[in-house]
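Derivation of every value follows stated rules applied to the coordinates shown; laboratory data play no part. Since we're looking at a predicted model, the values are computed, not measured. Glycine gets a Cβ as well: all are built from the backbone with ideal geometry, and neighbour counts include every protein chain shown.
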Amino acid sequence: MERNRVGIVGAGVSGLAACKHALDKGFSPVVFEADGSIGGVWAHTLESTRLQAPTTAFRFSDMAWPKSVTETYPSHHKVMEYIRSYACKFQLLKYIKFNSQVLGVEYLGATEGEIMSWEQWSGNGTAFGTGKDGGWRITVKDLKEVGNTQVFQVDFLILCIGRHSGRPNIPEFSANGPELFKGKILHSLDYSYMDNVAHFVKGKHVTIVGSGKSAFDIAAEVAKVNGAAQPCTIIYRTKHWLVHKSSIWGVDLSYFYLNRISQLLLHKPGEGFLRYMLATALSPLRWAISKVIETYFKWCIPLQKHGMVPDYSFSFAMSSCSIAMLPEGFYNKVDDGSIILKKSKAFNFYNDGIILQDRNETIKSDIVILATGFRGDQKLRDIFTANWCRKIAAGSPDTASPLYRECIHPRIPQLAIVGYSESLTNIYASERMANWVAHFLAGGFKLPSVTCMEKSVAEWAKYKNIYNGKYFRRSCISTVNIWLNDLLCQDIGCNPKRKKGFLAEWFQPYGPADYAGLH
């Protein structure tokens, strides 16, 4: 009997994990990748980009980094080598259709009205539903052959399209917009695809808009090329916790945030009354830990000197995924005048640069780079051709992503979304979800009723609103990764406690290697 057909969109780390785990369960998935290579955002990134987490945290559960990689935070070149090694080890490349851009996906079978009336997901709570006609039509454009468009049909679809690519977030201007500017304007996405950025920025007045990791990395690259003779300017609105390492006084931060004992310090979705009371009672300890860590980084990094101390706590940064690694020697470049930091809530353009509205100041610019992030929600909506899917897939501006177990929409049948929710190491969270989806595909368990799933989604949305604040749309699960993994393990019938011994179980940080061989 022929196995049900599984389609996967995207060959980044999430797509590769989904492919590998689907193969483990006996399926032969087809993976559609618009690029000519695997790796997703890692395939096209800044030259100076390095890993944001230690290699022990950024890895697949069933493949360690090679012993030849001794750095804690290796370069993106070595990250790509590791990802390629994973694809080769598990023979994933032959299942990938490269240069295949998915133009749209459309559900076949039941109508919108029928789907909305179902009490069980897909009609019966199983991956492939009840009817023979259900499934997804995928329209794919061949980017190597002009005019060649193909249509594929699968019984289950896994979207691994990520949040940080594809749809740049471009600021809107009511007046004095980019059309006034005589220089060049580009998004950090375009910059990351450029081959010779040193030649592009050499001797130019470069202004970067943004305050995240990409903005700081680009500024460091430009400063390395031009130095203080032609300083680079960063215009930022919000100050974030960008730090130089993931430990304080030799103790890794994972011991404060990523072990079971740390889970007791915060409220969790569906935790029950006793856990709720315990988290409330221990909240002062959580506050104290955050203050100690903040004090350490303010001591090590000249944040106060340059007015770059964030307005929110370090614990909030961890729970909302708004923490990143500084480029090496960043503040040395600020001190020597190679990088200039300017805070402004709003800006406009003029012929020769940018006007900071609240400072009544102009900045002469030849190049403006918008490191303003991506519209991951819109990217997810746009892949669906049916309006009803577009409306509900990513939630609303006032709600978090409505995904059960962070990967199943209660009202969209025969489809999973892997890698949409964020974590401090996305590969860790994505692979656990990919493993869960593979068990589901193989009939390892059924989903609860639609009503139960929507109740769970609401509980997780409440958590995100509390701990992610204005960044709740990111759906960050970093500090509750263990809590989510426990639920995933329980669903597939595995013991969620993965350590050996009582002390190790409670105090050692959890990471990808703890879930190796999860069957």
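Structural remarks
- Our summary of shape: the Cα atoms of segment 286-404 have principal axis extents of 54, 49, 27 Å, ordered from largest down, in whole angstrom.
- Charge tally for LEU46 (other residues, Cβ to Cβ under 14 Å; Lys, Arg +1; Asp, Glu -1): -3.
- Relative contact order (%) - criterion: Cα under 8 Å, at least six apart; region: segment 1-147: 24 percent
- Note on segment 112-142 and segment 440-519: Cα centroid distance 25 Å, given to the nearest whole angstrom.
- Surface/4 estimate of mean projected area, convex hull on alpha-carbon atoms of segment 223-295, nm²: 8.0 nm²
- Local net charge near LYS144, Cβ-Cβ under 14 Å (Lys/Arg +1, Asp/Glu -1): -2
- Kirkwood Rh and Cα Rg combined as Rg/Rh, segment 152-206: 1.16
- Of interest is the spacing of the C-alpha centroids, which for segment 344-402 and segment 26-67 amounts to 26 Å.
- Calculated on the alpha-carbon coordinates, the convex hull of segment 25-134 measures out at 175 cubic angstrom per residue.
- On the principal axes of its alpha carbon atoms, segment 380-436 extends 32, 26, 18 Å, with the longest extent given first.
- Over 28 Å (Cα to Cα) - which of LYS97/LYS470; LYS345/LYS464; LYS204/LYS343; LYS184/LYS333 fall in this group: LYS97/LYS470
- For the chain, the relative contact order comes to 23 percent (Cα pairs under 8 Å, sequence separation of at least 6).
- Calculated diffusion of segment 420-489, Stokes-Einstein form, Kirkwood radius summed over Cα pairs, 20 °C and 1.002 mPa s, µm²/s: 164 µm²/s
- Relative frequency of Cα-Cα separations exceeding 14 Å in segment 1-73, percent: 69 percent
- For ARG375, the shell of other residues with beta-carbons less than 14 Å away shows a net charge of +4, using +1 for Lys and Arg and -1 for Asp and Glu.
- Mean Cβ count within 10 Å, highest first, over the residues of peptides 236-242, 396-402: 236-242, 396-402
- Applying a 4.7 Å Cβ-Cβ cutoff to the chain, the cysteines left without a disulfide-compatible partner are CYS19, CYS88, CYS160, CYS232, CYS300, CYS389, CYS407, CYS452.
- The protection proxy used here, the mean number of other Cβ atoms lying within 10 Å of each residue, ranks peptides 76-83, 434-441 as follows, highest first: 434-441, 76-83.
- Rounded to 5, the percent of DSSP beta bridges in segment 112-241 classed as antiparallel: 65 percent
- Residues in segment 224-240 carry Karplus couplings, in order, of 5, 7, 9, x, 6, 5, 9, x, 9, 10, 9, 9, 10, 10, 10, 8, 10 Hz; the curve used is 6.51 cos²θ - 1.76 cosθ + 1.60 with θ = phi - 60°, and Gly or Pro positions show x.
- Rounded, prolate or oblate (a/c below 1.5 giving rounded, otherwise prolate when a/b exceeds b/c) for segment 205-351 by Cα gyration tensor: prolate
- Annotation: peptides 144-155, 375-386, ranked by per-residue average of other Cβ atoms within 10 Å with the highest first, follow the order 375-386, 144-155.
- For segment 114-211, the Rg and Dmax computed from alpha carbons only, in angstrom: 22.6, 64
- The Cα-based radius of gyration of the chain, divided by its Kirkwood radius, gives an Rg/Rh of 0.96.
- For segment 151-288, the alpha carbon positions stretch 62, 54, 34 Å along the principal axes, listed from largest to smallest.
- Classification of segment 365-519 by its C-alpha gyration tensor yields an oblate form. The axis ratio a/c (a ≥ b ≥ c) is 1.5 or more, and b/c is at least a/b.
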